[in-house]
1. Just round it to a whole percent: the fraction of Cα-Cα distances in segment 109-203 exceeding 24 Å.
2. Mean shadow of the chain, computed from the convex hull of its alpha carbons, in nm²?
3. Which of the lysines could a cross-linker span from LYS176 if the Cα-Cα distance has to be under 18 Å and same-chain partners fewer than 8 positions apart are dropped?
4. If you place +1 on the Cβ of every Lys and Arg, -1 on the Cβ of every Asp and Glu, and leave all else neutral, what size is the dipole of the chain about its Cα centre, to the nearest 20 Debye?
5. Where does each of 258-268, 80-90 land if you order them by average Cβ count within 10 Å, highest first?
6. Carbon and sulfur: what percent of segment 85-243's accessible surface (1.4 Å probe)?
7. Out of every Cα pair in segment 1-102, what percent are spaced more than 20 Å from each other?
8. From the Cα trace of segment 81-151, what convex hull volume per residue do you get, rounded to a whole Å³?
Amino acid sequence: MRNGFQKSVIALIVGWLALFVFLPNLMIFITSFLTRDDAHFVSAVFTLSNYTRLLDPLYAEVLLHSLNMALIATLCCLLLGYPFAWCLTMLPARLRPLMLFLLIVPFWTNSLIRIYGLKIFLSTRGWLNDFLLSIGLIDKPFRIIYTPEAVVLGLIYILLPFMVLPLYSSLEKLDKPLLEAARDLGAGKIQTFFRIILPLTMPGIIAGCLLVLIPAMGLFYVADLMGGAKNLLIGNVIKSQFLNIRDWPFGAATSIVMTLLMGLLLLIYWRVARLLNNKVDLG
């Protein structure tokens, strides 16, 4: 009876993944090698031109611009998230669940709605400008919407919790006797941080960076609402190819390349994490 139930659950999960994950990705992969057709979206004519088009300087520039903004957002999330996660671990044990709960609460609201709220807050007639004008800090509203900085702010606003949570997990698992031993041996706070804390929390840093970097390149609605037409992410290109230009094969090829890039980043994370774990074990 129990074995039958387990097999049924496993079969249900495998079937779900096959139907809604494997099959759609297989369709995207096959479509990326077909030819655009104005009447039927795709034509069953094999071609590699969809991938060679990605070498065009125009798309290479969009990819580099997208990667640049994603890297800046990731670095900012790391600089903000590491001290925040450290402060969380320093709180009394009874307060940590409450702070983690407050960190996760924004996930209860759709991220698109939150981006609309941020756009209103930062607009030239928004609350931020009204407040700065009321206290006399500025004499006229400043404009930040539809700039690269606005896109980066939007990415940080959405993705910061994804950086904090793995960092908090790594910092909470720190072996406190190691820190006490470092103090007993005369190590200062800076030496302790760079020689003990930072290496031991490196898996959390890498995990947080990947959790921010990978989705940051595809959040097209953040670039649409906060950056306008001049500040595109690679996700905007994919969305436009499918919904506006109706070039499904090229959009599929771009999606496949993005998926391979994400897989490469995950492979790098796995190799680096295993290398760091081996060093810790040998140490």
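The values are calculated or read from the model by the stated rules, or taken from the named source; none is laboratory data. Just so we're clear, the structure is a prediction, and the values are computed from it rather than from any experiment. Positions of Cβ are generated from backbone atoms using ideal geometry, with glycine treated the same way; all protein chains shown enter the neighbour counts. We work out accessible area using only protein heavy atoms, side chains counted, and drop any ligands, DNA or RNA first. Shrake-Rupley method; radii C 1.70, N 1.55, O 1.52, S 1.80 Å.
1. 51 percent
2. For the chain, averaging the hull's shadow over all directions gives 23.3 nm².
3. Those lysines meeting the cut-off are LYS189.
4. Details: 22 positive and 14 negative charges, 119 e Å.
Here the chain has a charge dipole of around 580 debye.
5. Working: 258-268: 13.0, 80-90: 16.9.
Final packing ranking: 80-90, 258-268.
6. That fraction is 69 percent.
7. 72 percent
8. Taking only Cα atoms, segment 81-151 has a hull volume of 138 Å³ per residue.
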